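K.L.:
Okay, here's the structure, questions in a sec.
The values are calculated or read from the model by the stated rules, or taken from the named source; none is laboratory data. All figures in this text were calculated on a predicted structure; none of them were measured in a lab. As a convention, Cβ positions derive from the backbone with ideal geometry for all residues, glycine included, and neighbour counts pool all protein chains shown.
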Amino acid sequence: MLRFIGGLIRPYRGTLIIIFAAMLVETLMSLAAPWPLKIILDNVVGDKKMQPWLHDLLRPMLEHGNRLHVALIAAGLYVAIAALGALASYIDNYFTESAGQWVAHDLRMRVYNHLQQLSLGYYSTHQTGPILSTLTSDISTIQSFASSSTLDILVDMLTIVSMLVLMFWLNWDFTLIALAVTPFLLLFVSRFKKSVKAATKEVRKEQSAIVATVQQGLESMQVVKAFGQEKAEEEMLAAVSQATVAAALKARSVKALLSPVVTVVVAGCTAVVLWRGAALILAGTMTVGSLTVYLAYLSRFFKPVKDLATTTNAIAQVTVGVERVREILDTDAMIPEKEDALEPALLTGEIAFENVAFGYAADEPILTDVSFRIKPGEFVGIVGPTGAGKSTVVSLIPRFYDVNKGIVTVDGVDVRDYKLKNLRDQIGYVLQDTVLFHGTILENIAFGNPHASREEIIAAAKLANADEFIAKMPMGYDTPVGERGSTLSGGQRQRIGIARVMVRNSPILLLDEPTAALDSESEKLVIEALETLMKGRTVIAIAHRLTTIRDANQIIVIADGVVAEDGSHAELLQKGGIYAELYRTQFDTGEKAAVS
């Protein structure tokens, strides 16, 4: 954990030096603060002569002065000490906040960058809620510890040593009382370390569950309302929220015990010092000012001891946070890229699968032996029963996943030999349900090509049959879309998705049932847009309605993990196999059954 934190703060060591220097000044001012009071009690109110070193220090100000003059000097020193301490505190807080924010930013971007590199398989097995919780709560905890707590621990240790030296100088037998108690106090605290960490881990887990539950409910609000399940969603949140409360209260019961124990110990030591000090004052071997200074140091001595003790809580929290962050950073589910990977020129779109096998889990293969070849500019349809692996086949081309066995080539080169971004830049993807992002229609179309001009975006929208409905909107292309495009119809979203691919101008086009969820009118407009988009490109379309691939150069039927049939529409009907049966199911019986 310390190495991890050290790596985060290393780029800001210059800022940390400033913070540390400011903390040292604060500590020195804290050590000096009781001395003006001692001067007044011993040398102004009392008759004790000023110690030689102090008299020499103040000689220029004491010449021709009286006791009130000494009091004025002491009061001025008190203000100067406070002002210098306040300035150091300001510098400390200012630069601590700055360093903390940048540490959090760096770590947040590092985690998010790693998440971007992970394969889609990672997201199939991990909830979004805990990931969001790590990006917010856990990183915030690490930020606080990295920017301030680490230096606080160092300064607290220096303060303890400094206090001990001064306390021994003032009265060594009193100091032994404090020293005798401290090890037992720290031992008591250390016994709770594991309990605090376990309790903190449980709290973080339940907090992640809250984020996951709320996110799921908000994203599925239309379905929740359609089925009247608002109450069920509330009860689900109430259950995880109550679990979080229970975990937090359990953690509190452990943490809350530390402060009272330290307070009682400090009070006990102070009581002994007060009793013993009163006796020494009455005996004339100690002054009131010395006892006052010593009591001030005693309270300040136990503050860093108490801080170090309660730092157990902070260490437990940051340990849990670091563990959760490293769970993501240590995940090796990334799509690897070779150091000498190729940057493809403009691809022609020749695609081949050679004995490809793949499964999301090693013991659950989806594809066992898939082989086919697609010539540049061909239109190929892929059909098959539900769960046969049609979408999986398409996902292997842009390397959303890597094959377990065999090879996928584009233009005769293994896709694993290309630079990942360069490969994907030349592939357009239209999904069954186009995902729109928060922003304007213009920005959503430009997502396909951020460098496209407004004129190019409008031209793409016209080709996608989207310009007509966009022009009727209140702000045209600058109209904001709702969350995930909720203010648009399914057909409108699909046409914006097609415009997004058109502005990308990719030589390879992958269509994953883009008309499956549309009504007949929307489907007609989308198909017209797709026909425009498909011209001059290599197109692979997963078919929902077989009419959309009737004119395909080749139709590939996936079943039982292999290519069960392939050929043109007419050839496959003549064979009377799986494709012919699927076709008969949709048309001969008059049904519009979904084949997905």
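K.L.:
Can you tell me which residue in segment 516-558 is modelled with the lowest pLDDT, limited to those that are buried (at least 18 other Cβ atoms within 10 Å of the Cβ) and either more than 27 Å from Asn505 (Cβ to Cβ) or of a type in the set (Lys, Arg) (or both)?
P.N.:
Filtering first and then ranking leaves Arg545.
K.L.:
Output the residues belonging to segment 473-514 that are surrounded by fewer than 20 Cβ atoms within 10 Å (Cβ to Cβ) and polar (S, T, N, Q).
P.N.:
Thr479, Ser486, Thr487, Ser489, Asn505
K.L.:
Conditions: (1) out of contact with any Ser or Thr (no Cβ under 8 Å at 6 or more places or on another chain); (2) in a loop (DSSP other than H, G, I, E, B); (3) not aromatic (Phe, Trp, Tyr). Gly349 meets all but one. Number of the miss?
P.N.:
(1)
K.L.:
One residue is enough: does segment 488-496 have a residue meeting the conditions at pLDDT below 90 and either outside the structural domain of Ile470 (by TED's automatic domain parsing) or assigned to a loop (DSSP other than H, G, I, E, B) (or both)?
P.N.:
yes
K.L.:
Conditions: (1) over 21 Å from His544 (Cβ atoms); (2) over 33 Å from the mean Cα position of the chain (by Cα); (3) hydrophobic (A, V, I, L, M, F, W, C). Leu442 meets all but one. Number of the miss?
P.N.:
The number of the failed condition is (2).
K.L.:
Hey, another quick one. Kindly indicate which of Thr128, Thr134 is in contact (Cβ under 8 Å) with a residue 60 or more places away in the chain and crowded, with 17+ Cβ neighbours inside 10 Å.
P.N.:
The conditions single out Thr134.
Each row is one residue, and each column tells you yes or no for (1) in contact (Cβ under 8 Å) with a residue 24 or more places away in the chain; (2) over 30 Å from Gly482 (Cα atoms); (3) aliphatic (A, V, I, L, M).
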residue	(1), (2), (3)
Gly384	yes, yes, no
Ala388	yes, yes, yes
Gly406	yes, yes, no
Pro450	no, no, no
Asn465	yes, no, no
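K.L.:
Only residues in segment 259-270 that are in contact (Cβ under 8 Å) with a residue 12 or more places away in the chain count as the first member; pair them with residues that are in a helix (DSSP H, G or I) and small (Gly, Ala, Ser), Cβ under 8 angstrom, at least 6 apart or cross-chain, and list the lot.
P.N.:
So the pair list comes out as Val262/Ala309; Val266/Ser299; Cys269/Ala178; Thr270/Ser299.
K.L.:
Further, regarding this structure: Assess whether Ala146 counts as being farther than 18 Å from Glu327 by Cα, without any contact (Cβ under 8 Å) to a residue 60 or more places away in the chain and touching a helix residue (DSSP H, G or I) at 6+ places or on another chain (Cβ under 8 Å).
P.N.:
Considered against the rule, which asks whether it is farther than 18 Å from Glu327 by Cα, without any contact (Cβ under 8 Å) to a residue 60 or more places away in the chain and touching a helix residue (DSSP H, G or I) at 6+ places or on another chain (Cβ under 8 Å), Ala146 comes out as no.
K.L.:
Looking only at segment 367-398, count every residue that is at pLDDT below 90 and in contact with a helix residue (DSSP H, G or I) (Cβ under 6 Å, 6 or more places away or on another chain) and tell me the total.
P.N.:
1
K.L.:
Residues to consider are Val245, Val254, Val240; find the one that is at pLDDT 75 or above, within 19 Å of Val320 (Cβ to Cβ) and more than 22 Å from the chain's Cα centre (by Cα).
P.N.:
Exactly one residue qualifies, and that residue is Val245.
K.L.:
Based on this model, can you work out whether Val413 counts as closer than 30 Å to Gly561 by Cβ, in contact (Cβ under 8 Å) with a residue 60 or more places away in the chain and surrounded by fewer than 17 Cβ atoms within 10 Å (Cβ to Cβ)?
P.N.:
So Val413 fits the description; yes.
K.L.:
Another question about this same structure. Filter segment 316-331 down to residues that are more than 17 Å from the chain's Cα centre (by Cα) and modelled with pLDDT of 75 or more, then give me how many there are.
P.N.:
0
K.L.:
Okay, next question. Within segment 419-442, is even one residue of a type in the set (Asp, Glu) and either buried (at least 20 other Cβ atoms within 10 Å of the Cβ) or within 24 Å of Ala341 (Cα to Cα) (or both)?
P.N.:
yes
K.L.:
Further question on the same structure: Among the helices (runs of 4 or more DSSP H) confined wholly to segment 48-157, which include 3 or more residues that are over 17 Å from Leu329 (Cβ atoms) and at pLDDT 80 or above?
P.N.:
Hits in segment 48-157: 67-117.
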